[in-house]
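The values are calculated or read from the model by the stated rules, or taken from the named source; none is laboratory data. Please read these numbers as outputs of a predicted model, since none were measured by experiment. As a convention, Cβ positions derive from the backbone with ideal geometry for all residues, glycine included, and neighbour counts pool all protein chains shown. Protein only, heavy atoms only, side chains kept; ligands, DNA and RNA dropped before computing areas. Shrake-Rupley method; radii C 1.70, N 1.55, O 1.52, S 1.80 Å.
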Amino acid sequence: MARKTSRYGVLIALAFILSYIEVLIPINLGVPGVKLGLANLVVFIALYIEGWKGALAISLTRIVLVGFTFSNMFSMIYSVAGGMLSFILMALCKKYKLFSKVGISIVGGVSHNIGQIIVVAFVVNNADMFYYLPVLLVAGAVTGALIGLLGAIVLERLTKVL
Amino acid sequence: MSKRDFILVGAIIFIAAAIYIVNRVVIQKPADTVEVTVDGKQYTTLPLSEDTEITIEGVNGGTNHLSIKAGYAQVVEASCPDKLCVHQKSIHYNGEKIICLPNKVLVEVISGNKSSVDAVAN
């Protein structure tokens, strides 16, 4: 139990710091919502070493912590939508072994962006938001692939230690 | 990466390309009107052909400074912390928009016939 608690603590701290680092790396494609998704690296790794329940707990804790520290209530709703949709799809794809690690991370990146744009479409009352969808889809696939490649390397080493 | 991963990537690129092409063909024509919406409600409408500058008052006292110049509309200044709206490129084609989420401000350029569906019907 103590080992598990400390592992969760480390993972949440890591996700928290990565969220902060992400704010420091601006990516400007002229489309809102495009980002690296570094924090997703932790959720992705947690999914493999702690199972879906652990990953869910870490993902939600991160969103709440980051929401209260760096942004506001609104950004939090926005993050929850992206974070949860991506979590659910990644967990399902992993459970049914649909894709390899990189594939699952791509699913996570793309669905994170889709979740966010759905909330945006609701907030500004404008379904035309899907105008941005092509860029967000491709950006999500690229960042998802990068995170997946990185995650696979990290996992390989982590599993030797844990 | 497995074979299914490549199929996944292929499918994503295909869908993105399809949506992009549809947008391009259906929506992208030079617009003539700038429509400003705050929190889903109409705020003001301006012609894109006249050079003007206005300050939009968004929700919670936030402001966005909108500049219309030579047929292009752009948010040049904003009170929001992230300045995403300022970084977005200037808009000119029908259906293009600039969004400021914190202030719930939506700036959209349209061609007289409001929605893209109408534009096609014409």
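Can you name every residue in region A:32-57 that is touching a strand residue (DSSP E or B) at 6+ places or on another chain (Cβ under 7 Å) and either of a type in the set (A, V, I, L, M) or surrounded by fewer than 20 Cβ atoms within 10 Å (Cβ to Cβ) (or both)? Spell out the reasoning first.
Of all residues in region A:32-57, those touching a strand residue (DSSP E or B) at 6+ places or on another chain (Cβ under 7 Å) come to A:32.
Of everything in region A:32-57, nothing turns out to be touching a strand residue (DSSP E or B) at 6+ places or on another chain (Cβ under 7 Å) and either of a type in the set (A, V, I, L, M) or surrounded by fewer than 20 Cβ atoms within 10 Å (Cβ to Cβ) (or both).
The single residue among B:95, B:61 that is more than 23 Å from residue A:113 (Cβ to Cβ) and at pLDDT below 90 turns out to be B:61.
For (1) within 12 Å of chain B (Cβ to nearest Cβ); (2) surrounded by 22 or more Cβ atoms within 10 Å (Cβ to Cβ); (3) of a type in the set (Ser, Thr, Tyr), each residue gets a yes or a no:
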position	(1), (2), (3)
A:97	yes, no, no
A:103	yes, yes, no
A:112	no, yes, no
A:135	yes, no, no
A:139	yes, yes, no
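Within region A:64-73, is there a residue that is crowded, with 22+ Cβ neighbours inside 10 Å and not β-branched (Val, Ile, Thr)? Checked against the condition, which is being crowded, with 22+ Cβ neighbours inside 10 Å and not β-branched (Val, Ile, Thr), region A:64-73 yields no hits at all. Output the number of residues of region B:8-31 satisfying the condition of being in contact with a Gly (Cβ under 9 Å, 6 or more places away or on another chain) and either exposed (fewer than 14 other Cβ atoms within 10 Å of the Cβ) or touching a residue at least 12 places away in the same chain (Cβ under 8 Å) (or both). Residues meeting the conditions: 7.
Results for (1) under 11 Å from the mean Cα position of the chain (by Cα); (2) farther than 30 Å from residue B:24 by Cβ, shown as yes or no for each residue.
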site	(1), (2)
A:70	no, yes
A:78	no, no
A:85	yes, no
A:91	no, yes
A:113	yes, no
A:131	no, no
A:153	no, yes
A:158	no, yes
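Among the residues of region B:55-68, none qualifies, meaning not one is over 24 Å from residue A:71 (Cα atoms), out of contact with any strand residue (DSSP E or B) (no Cβ under 6 Å at 6 or more places or on another chain) and open to solvent by less than 80 Å² (accessible area, probe 1.4 Å).
Yes or no: residue B:39 over 30 Å from residue A:105 (Cβ atoms), facing chain A (nearest Cβ under 9 Å) and open to solvent by 40 Å² or more (accessible area, probe 1.4 Å)?
It is true that residue B:39 is over 30 Å from residue A:105 (Cβ atoms), facing chain A (nearest Cβ under 9 Å) and open to solvent by 40 Å² or more (accessible area, probe 1.4 Å).
Could you list, in sequence order, the residues of region B:80-99 that are out of contact with any Pro (no Cβ under 8 Å at 6 or more places or on another chain), more than 9 Å from chain A (Cβ to nearest Cβ) and surrounded by 16 or more Cβ atoms within 10 Å (Cβ to Cβ)? Once the filter is applied, which keeps residues that are out of contact with any Pro (no Cβ under 8 Å at 6 or more places or on another chain), more than 9 Å from chain A (Cβ to nearest Cβ) and surrounded by 16 or more Cβ atoms within 10 Å (Cβ to Cβ), region B:80-99 yields B:86, B:90, B:91, B:98. In summary, residue B:33 fulfils each of the numbered conditions (1) over 14 Å from the mean Cα position of the chain (by Cα); (2) at pLDDT below 90 with the single exception of condition (1).
For first residues located in region A:1-16 and closer than 12 Å to residue A:50 by Cα, partners that are assigned to a helix (DSSP H, G or I) and of a type in the set (Val, Ile, Thr) and lie 6+ apart or on another chain with Cβ distances below 9 Å form the pairs A:7/A:49; A:8/A:58; A:8/A:61; A:11/A:42; A:11/A:43; A:11/A:45; A:11/A:49; A:11/A:58.
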